[in-house]
Structure formats: C-alpha cells, structure tokens
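Working notes, beginning with the structure itself.
The values are calculated or read from the model by the stated rules, or taken from the named source; none is laboratory data. Just so it is clear, the model here is predicted, and its values are computed rather than measured. Cβ coordinates were reconstructed from backbone atoms using ideal geometry, including for glycine residues, and neighbour counts include every protein chain displayed.
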Amino acid sequence: MSNLNLYALVTGGNRGIGLEVCKQLVERKKPVILTCRNVEAGEAAAAELGKSGTDVRVISLDAASAASIQELTKRIETDYDQKIDLLINNAGILVRQVWDKETYDSTLAVNTAGPVLLSQALLPLLAPGACIINVSSGVRPVPVTTRRRPWQIENLSNDYAQAVTAIRSLDALQHPAAAVPFNADSSMGTAAPAAGGMSPTYSVAKALLNRGVQLMAADESFKQRGVSVCRTDMGGSTADRSGAEGAASVLAPWLSGDSSKNGGFSRDGEALEW
C-alpha cells in the first residue's frame with residue numbers, strides 16, 4: 001500500500017465505479033484528487049467524501065482532450081509535483097452496439113488515448129515507485145481449437161485482434177484510431193451483443209488499452225521511475241456485481257503492494273492472462 005501522506009488521482013471520480021473507488025480510498029485515509037468534466041458534480045462528490053476528514057480535491061479533466069490533459073498536467077506540476085503515488089485511469093465511455101466511425105473515434109479517444117496520454121504526461125511528476133492502475137475489461141486472449149490460430153481475443157474479430165497485438169509503440173496509442181483504423185466491413189459491426197454488455201467499439205478500445213499497459217510496463221522511462229503499471233477488470237457494467245465489489249477489484253493491486261504485478265491484468269486480485 002502507498003504512503004497515506006501522498007495523493008491518489010482518480011479520473012472520472014465523480015460517479016459510478018470511480019466514485020466508489022474514491023470512497024474506498026477515503027475510508028483508508030488516502031487523500032484523493034478527483035477529476036471529472038463536470039466540476040460542479042465533482043465538488044458535490046468531494047464535499048460528501050470529505051466529511052470523513054480526509055483531504056479530497058477536484059480538478060477538471062476531459063479525458064478525450066489532449067489540451068485538457070495538458071492543463072491538468074500543468075496544475076499537477078504546480079501544486080502536486082511528486083505528491084501523487086497512485087494514478088487510477090478510470091474515466092471511460094460505453095456506447096452500446098453502435099459500429100460507426102464517429103462512435104469508434106470518440107470511444108478510442110477517451111478509453112485508450114486518454115489513459116496513455118495522461119500516464120505519459122504525469123510520469124515525471126509522480127512520486128518514485130508510484131502505481132498506475134488502468135480500469136479495463138475482460139477483453140483477453142482465450143484458447144481456440146485451430147493450430148494456425150492458437151488464441152483469439154475475447155469479444156474481438158480476428159482483424160482487430162491482429163491489429164491490436166501488432167501495436168509496438170506507446171506513441172501509436174496516442175492516436176489509436178489512426179493506428180487501428182475503423183473498418184466498416186469488419187464482422188465487429190454485425191456481431192451479437194458481447195459478453196458483459198460490452199459494445200464493439202468499447203471492446204476494441206479496452207483491448208488497445210491492455211496492449212498499452214504491456215508497452216508501458218516494458219518502457220524504460222517507466223522502469224527508471226520505478227512506476228508499476230497494471231490493469232484491473234471491474235467486472236463489466238452489466239455483471240452481477242456491486243459498485244463496491246468493482247471498486248475493490250480496481251484497488252486490489254494497490255492494496256497488495258506487489259510490484260511483480262507490473263504489466264499484469266487482474267480481477268479481484270487474481271491474475272488473468274493477456
């Protein structure tokens with residue numbers, strides 16, 4: 001577990017799983033910086049969370065905007081340099097069963113590019129040995145029976161699974177819709193509703209984020225700072241799990257304090273393959 005004198009920064013912390021994560025951090029006396037697009041809603045959440053006596057701050061962030069990420073980075077550099085040892089990339093969007101370029105681009109901007117850009121931007125400002133947790137999903141390799149294709153990525157068509165695993169640089173994921181372009185003719189557009197209620201665009205975005213975490217964990221700049229990077233599965237938006245259970249799954253890597261989980265993928269603290 002991290003230093004209780006340092007902050008946790010939680011994106012999308014004003015509602016849903018993000019708010020529940022903030023609640024569980026505050027219960028453990030961990031100071032929190034909560035980010036969200038709607039600052040008024042964030043301030044209301046912070047006021048409620050702050051009744052415990054734990055310090056809760058609010059900063060505006062639109063995870064889809066590089067300019068907004070830059071503004072937040074400036075604020076962190078000014079007020080919180082080396083004072084954050086836990087970054088939780090939770091902000092995300094889910095548009096169900098829509099397969100079009102506009103939805104694809106916007107979903108990847110928030111769910112893939114946002115966490116990658118923010119992690120890279122804040123890296124030099126995080127306390128040494130910090131932990132970065134990316135809230136992902138059960139989009140992971142599953143075995144199949146053919147010898148030529150020994151695995152496939154759950155909820156992804158073959159063309160997108162191959163494109164995701166072909167990504168070799170974090171820089172490519174700063175513009176994921178360019179690195180893995182929208183294909184109107186892909187079978188993703190005609191697939192039955194995915195397990196756990198995940199939409200096709202959401203599945204692609206989270207698979208790309210999973211790939212990004214692997215690349216961050218192997219990146220020398222992250223290694224030099226001693227920063228561990230991992231992904232957690234909070235159980236899916238339609239899963240039979242409470243918000244508290246989902247948040248506990250998100251926080252499990254931090255609570256374990258196990259640096260060997262760097263680059264890993266887990267649910268409820270148990271390792272998942274990816």
Subject >> Hey, A46 buried (at least 18 other Cβ atoms within 10 Å of the Cβ), in contact with a strand residue (DSSP E or B) (Cβ under 9 Å, 6 or more places away or on another chain) and in a helix (DSSP H, G or I) or not >> reply: yes
**OP:** Kindly indicate which of L251, L255, L215 is at pLDDT 65 or above, in a helix (DSSP H, G or I) and under 13 Å from the mean Cα position of the chain (by Cα).
**Re:** L251
**OP:** State the number of residues belonging to segment 66-102 that are out of contact with any Asp or Glu (no Cβ under 7 Å at 6 or more places or on another chain) and over 30 Å from M188 (Cα atoms).
**Re:** 20
Subject >> Tally of residues being farther than 11 Å from G12 by Cα and touching an Asp or Glu at 6+ places or on another chain (Cβ under 8 Å) across segment 50-65 >> reply: 1
**OP:** Could you tell me whether any residue of segment 54-64 is part of a helix (DSSP H, G or I), at pLDDT 95 or above and crowded, with 19+ Cβ neighbours inside 10 Å?
**Re:** no
Subject >> Subset of segment 218-234 [assigned to a loop (DSSP other than H, G, I, E, B) and either in contact with a Lys or Arg (Cβ under 7 Å, 6 or more places away or on another chain) or buried (at least 24 other Cβ atoms within 10 Å of the Cβ) (or both)] >> reply: V227, M234
Original post:
On the given criteria, is L19 surrounded by 19 or more Cβ atoms within 10 Å (Cβ to Cβ), in contact (Cβ under 8 Å) with a residue 12 or more places away in the chain, of a type in the set (A, V, I, L, M) and not in a helix (DSSP H, G or I)?
Top reply: no
Original post:
If D79 passes every condition in (1) of a type in the set (D, E); (2) in contact (Cβ under 8 Å) with a residue 60 or more places away in the chain; (3) surrounded by fewer than 18 Cβ atoms within 10 Å (Cβ to Cβ) but one, which one does it miss?
Top reply: (2)
Original post:
Hey, P124 hits all of (1) free of Cβ contacts under 8 Å to residues at least 60 places away in the same chain; (2) surrounded by fewer than 16 Cβ atoms within 10 Å (Cβ to Cβ) but one; which does it fall short on?
Top reply: (1)
**OP:** For E27, work out the one condition from (1) farther than 13 Å from L251 by Cβ; (2) in contact (Cβ under 8 Å) with a residue 24 or more places away in the chain; (3) more than 20 Å from the chain's Cα centre (by Cα) it doesn't fulfil.
**Re:** (1)
Subject >> Subset of segment 34-43 (residues that are in contact (Cβ under 8 Å) with a residue 12 or more places away in the chain and either out of contact with any Gly (no Cβ under 8 Å at 6 or more places or on another chain) or in a loop (DSSP other than H, G, I, E, B) (or both)) >> reply: R37, N38, V39, A41, E43
